[in-house]
Structure formats: C-alpha cells, structure tokens
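Asks: Mind looking over this structure? Questions follow.
The values are calculated or read from the model by the stated rules, or taken from the named source; none is laboratory data. Fair warning: this is a prediction, and the values are worked out from it, not measured in the lab. With ideal geometry, Cβ positions are generated from the backbone for all residues, glycine too; neighbour counts draw on all protein chains shown.
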Amino acid sequence: MTNGKVQALIVVGDVQLITKDGTASALKRGQTFEEGASVHANKGGNALLVMSNGATLKVKEDSTLAVTKFQQAKFDEATEGTFLRLNKDPSKSDTDLKLSTGSLQGEVKKLNTDSGSKFTVDTPAGSAGIRGTIIDITIVRDAQGHVTGIVANCIVGNVQFSPAANVAIVSDVNGSSTTVTNANISGGGSMTVNLTVDPVTGVISGGSLSGTNLGANATQALANALNETVNQALVTAGLPTQPPPSIGATTNTVTVTGANGQTSTVSTNTVTSGSVGGSGGSGGSGTGSAISNPQNVTP
C-alpha cells in the first residue's frame with residue numbers, strides 16, 4: 001500500500017496544518033497532505049477534509065486531529081472516482097486518526113472489509129473502530145485543560161469502542177460494576193466516558209462509562225449539520241448535492257462487554273425529541289457562507 005491523500009475542501013477561519021517535522025502553516029482550501037500531519041482549528045475556525053478512501057471529516061473549532069496512519073492500495077480512479085465522487089472505500093485502506101482535543105464529526109463510507117480495510121479514531125480514553133458510519137466525537141476538558149471525558153455519538157451505523165490499555169473504565173454490567181473490555185454504539189446511541197484525572201498532573205487513572213439514546217430528532221440534527229457542510233463542498237466542485245440520511249425511530253443502542261465476558265445494555269433512557277442534552281456532541285460552530293471554488297481541488 002502507499003500513502004493515502006487527505007484534501008481540505010472547506011477552510012473557515014484560523015486553521016493550521018502541522019507537518020510531521022512540526023512546521024505549522026495556514027491550511028489552504030485545496031491543499032493535500034498525507035499521514036504524519038495534523039490539523040488544528042483555532043477559535044472560530046473549522047475545516048472539512050476528504051480522504052482518498054471517501055471519508056469526510058469536519059474538524060471543529062478548538063480541535064486537533066492527527067492523521068497518524070493512512071495507507072491505501074492503489075485503485076482505478078477512472079472507474080471508482082476520487083474524493084467526493086466516491087460512495088465507498090475503493091480499495092484496501094488502513095486509517096488511524098487521533099483526536100487529542102475538541103470535536104470531530106465525519107462520515108466513513110462503507111469500508112472494503114473483505115480486503116481488510118480498517119478505520120480507527122484514537123482518543124485519550126481509548127479507540128473507536130468505525131465502519132460505514134456517521135460519527136460525532138468530543139473530548140471534554142476542565143478549566144485546567146485536563147481531559148475529563150469523552151462523548152461519542154453514533155448517528156448512523158456502528159462504532160466499537162475499546163478502552164486504552166492503561167485506562168480502567170468500569171460500567172454496570174447486569175447489576176455489577178465491571179471493567180469494560182469494549183462497547184458497541186449503534187445508530188442513535190451516545191456513549192459518555194467520565195474520566196478520573198490527577199488534578200495536578202492531568203494523568204488519567206480510570207473512568208466510568210454510561211450510555212443514552214439520543215432520539216430521532218437530535219440524531220437527525222447531527223446528520224443534517226454534517227450534510228450541510230458536505231453539500232457546500234459538492235456545490236463548489238460542481239457536483240450534485242445529496243440529501244441527509246433519514247433517521248427513523250431509535251432505540252437503546254449502547255451495549256458493553258465486561259471483563260467477565262458478559263454483555264449488557266447500558267443506555268437506559270430514551271429521548272424522542274430535543275437537543276443532544278449534556279453531550280456537547282455537536283461542538284464547534286460555523287461552516288462559512290461565501291465559499292469560492294478552491295484551486296487544484298479534485299472532487
């Protein structure tokens with residue numbers, strides 16, 4: 001496999017691209033980069049990125065996203081399409097992103113799992129394995145800047161969360177507090193991990209996991225927000241816009257597996273309307289209104 005490509009389709013406000021050697025510069029619309037680079041959106045800034053496996057990622061304000069690894073097998077672009085023209089992962093790809101602060105919203109197109117494609121987002125509490133999913137992930141920090149929690153909303157599809165090796169996260173599994181080995185979040189589900197941190201050093205010593213059902217209205221609102229941004233990029237590229245996914249009724253959709261091997265549903269309350277209460281999942285703001293056609297953009 002070779003290095004996959006990431007391209008900035010929309011850049012609003014102050015967004016920095018940090019290369020592998022630590023050099024920082026303003027991210028430009030149409031700019032392409034590879035693994036080893038990071039994108040940091042400052043206050044009031046955000047960026048829409050598209051990957052050469054078809055994934056679209058919105059880095060929200062006050063957020064840092066690193067492309068730790070992005071390898072991809074070669075494919076026929078004339079047949080499969082490129083970037084925004086892709087409706088699925090066109091070849092085997094291996095993606096590992098790291099969200100260290102702030103919020104990320106994105107859509108990962110159907111992965112080429114038969115060929116072994118993988119897509120993972122790492123956070124300070126653990127990693128989220130994603131396949132054919134629309135997600136919304138937020139890192140929660142306290143006034144001192146210490147990471148105190150993670151909120152992961154699954155809008156469509158499934159997300160498999162695995163705690164970091166050095167972070168013992170517990171949850172109620174069939175009436176007993178048990179160390180979590182993994183959690184599954186499906187469409188409409190929201191997982192919250194509250195972390196225990198040293199108030200001086202910020203070192204994470206453990207945490208607890210809970211879940212809730214966002215409800216159809218809040219889930220649809222999150223899907224609409226990302227779709228609106230993607231459609232702006234489609235318009236500038238001269239491509240037809242796409243409707244947001246239609247979110248129907250949602251159910252209690254966060255389950256955990258404990259160290260004892262037992263599985264239990266931890267999302268116990270159902271929300272049928274309103275906003276994403278308490279999750280902070282929507283994070284960031286603004287997509288910009290006047291967006292000119294970026295130079296050298298391959299949609």
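Asks: For the range 142-223, please list each of the strands (runs of 3 or more DSSP E) lying entirely inside it that holds at least 1 residues being under 17 Å from the mean Cα position of the chain (by Cα), surrounded by fewer than 18 Cβ atoms within 10 Å (Cβ to Cβ) and of a type outside the set (Phe, Trp, Tyr). Give the steps one after another, and end with the answer.
Replies: Numbers: elements: 147-163, 169-173, 176-186, 189-197, 204-213.
Strands (runs of 3 or more DSSP E) meeting the threshold: 147-163.
Asks: Could you pull out the residue among Asp89, Asp21 that is at pLDDT below 95, among the charged types (D, E, K, R), part of a loop (DSSP other than H, G, I, E, B) and surrounded by 18 or more Cβ atoms within 10 Å (Cβ to Cβ)? Walk me through it before giving the result.
Replies: Working: Asp21 fails: surrounded by 18 or more Cβ atoms within 10 Å (Cβ to Cβ).
Criteria check complete, one pass: Asp89.
Asks: Quick one: which residue in Asp14, Asp76, Asp21, Asp94 is out of contact with any helix residue (DSSP H, G or I) (no Cβ under 7 Å at 6 or more places or on another chain), among the charged types (D, E, K, R) and under 23 Å from Asn158 (Cβ atoms)? It would help to see each step written out before you state the result.
Replies: Values: Asp14 fails: under 23 Å from Asn158 (Cβ atoms); Asp76 fails: under 23 Å from Asn158 (Cβ atoms); Asp21 fails: under 23 Å from Asn158 (Cβ atoms).
Of Asp14, Asp76, Asp21, Asp94, the one residue that is out of contact with any helix residue (DSSP H, G or I) (no Cβ under 7 Å at 6 or more places or on another chain), among the charged types (D, E, K, R) and under 23 Å from Asn158 (Cβ atoms) is Asp94.
Asks: Report, by residue number, each residue of the range 169-186 that is at pLDDT below 90 and over 10 Å from Thr263 (Cβ atoms). Show your work before the answer.
Replies: Residues of the range 169-186 that are at pLDDT below 90, as a first pass: 172-178, 186.
The answer is Asp172, Gly175, Ser176, Ser177, Thr178, Ser186.
Asks: Kindly provide the set of residues from the range 101-139 that are of a type outside the set (Gly, Ala, Ser), surrounded by 22 or more Cβ atoms within 10 Å (Cβ to Cβ) and farther than 28 Å from Leu239 by Cβ, ordered by number.
Replies: Result: Thr123, Pro124, Thr138, Ile139.
Asks: Can I ask one more? Out of (1) farther than 30 Å from Gly30 by Cβ; (2) exposed (fewer than 13 other Cβ atoms within 10 Å of the Cβ); (3) at pLDDT 85 or above, what's the single condition that is false for Gly248?
Replies: Only one criterion is unmet by Gly248, namely (3).
Asks: Next question, about the same structure. Among the listed residues Lys58, Lys43, identify the single one that is closer than 25 Å to Ala152 by Cα, out of contact with any strand residue (DSSP E or B) (no Cβ under 8 Å at 6 or more places or on another chain) and not small (Gly, Ala, Ser). It would help to see each step written out before you state the result.
Replies: Working: Lys58 fails: out of contact with any strand residue (DSSP E or B) (no Cβ under 8 Å at 6 or more places or on another chain).
The conditions single out Lys43.
Asks: What are the residues in the range 89-135 that are more than 26 Å from Leu209 (Cα to Cα) and among the acidic types (Asp, Glu), if any? Before you say what the answer is, go through the steps one by one.
Replies: Residues of the range 89-135 that are more than 26 Å from Leu209 (Cα to Cα), as a first pass: 89-94, 109-117.
Correct list: Asp89, Asp94, Asp114.
Asks: Go through (1) free of Cβ contacts under 8 Å to residues at least 12 places away in the same chain; (2) of a type in the set (Gly, Ala, Ser); (3) in a loop (DSSP other than H, G, I, E, B) and name the single condition Gly36 misses.
Replies: (1)
Asks: So, in the range 115-133, exactly how many residues are within 15 Å of Met191 (Cβ to Cβ) and in a strand (DSSP E or B)?
Replies: Filtering the range 115-133 for residues within 15 Å of Met191 (Cβ to Cβ) gives 121, 123-130, 133.
Retained after the next criterion (residues that are in a strand (DSSP E or B)): 121, 123, 126-130, 133.
Looking only at that region, the number is 8.
Asks: Still on this structure, I have one more. Checking the conditions here, which among Lys58, Lys98 is surrounded by 23 or more Cβ atoms within 10 Å (Cβ to Cβ) and assigned to a strand (DSSP E or B)?
Replies: Lys58
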